[in-house]
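Notes follow the structure.
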Amino acid sequence: MRQRRQDLSRRKRRRQIKREQKFETSRLNRDKWWYCSTCKTRKSLRDGSLFSGSHLTLQQIVILIYWWSYDMSQAVIKHETGIGTNHTIVDGCNFLREECKTWLANNPDEIGGMDANGDPVVIEIDESKYFHRKYHRGQWREGHWVF
């Protein structure tokens, strides 16, 4: 009997919380947030995310990430997102690249190991040297080795 009362009080509290918290949309910049009518506070959906300080709309952010992940040119990204300035597109792409670089540095992945049968996996590494000479003229310059 006591357990049943506790369950009923939990359900009642959940219903009360659902009534107190609403999902709202701003009319000016179409930002979304949770609003609590009890404590009169708002919390943006962006809080704690990569784009918490961004002035872009959520739709523009998602489209920017989508086209950046497909390695599209910044002109295409600018057209698809509807963002007016090149500076914003460049900053967004640089920010995404830096976030990926940070994630890869913090989460190194081991190359090789053993396959499902217990046999060692063979890793082949290729190397190339890149340098540029225009029309095969001019001085030979040191290039860059890429593995």
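For this structure, a couple of remarks:
- Which listed residue is surrounded by 10 or more Cβ atoms within 10 Å (Cβ to Cβ), among the basic types (Lys, Arg) and either more than 30 Å from residue 125 (Cα to Cα) or modelled with pLDDT under 80 (or both), from 40, 22: 22
- Among residues of segment 70-90 being of a type in the set (S, T, N, Q) and under 23 Å from residue 47 (Cα atoms), the one that is surrounded by the fewest Cβ atoms within 10 Å (Cβ to Cβ) is 88.
- Look at segment 94-107: where a residue is surrounded by 10 or more Cβ atoms within 10 Å (Cβ to Cβ) and a partner is in a helix (DSSP H, G or I) and aliphatic (A, V, I, L, M), sitting 6+ places away or on another chain with Cβ atoms under 8 Å, you get 96/64; 96/65.
The values are calculated or read from the model by the stated rules, or taken from the named source; none is laboratory data. Source: prediction; values computed, not measured. Positions of Cβ are backbone-derived with ideal geometry, glycine not excepted, and every protein chain shown enters the neighbour counts.
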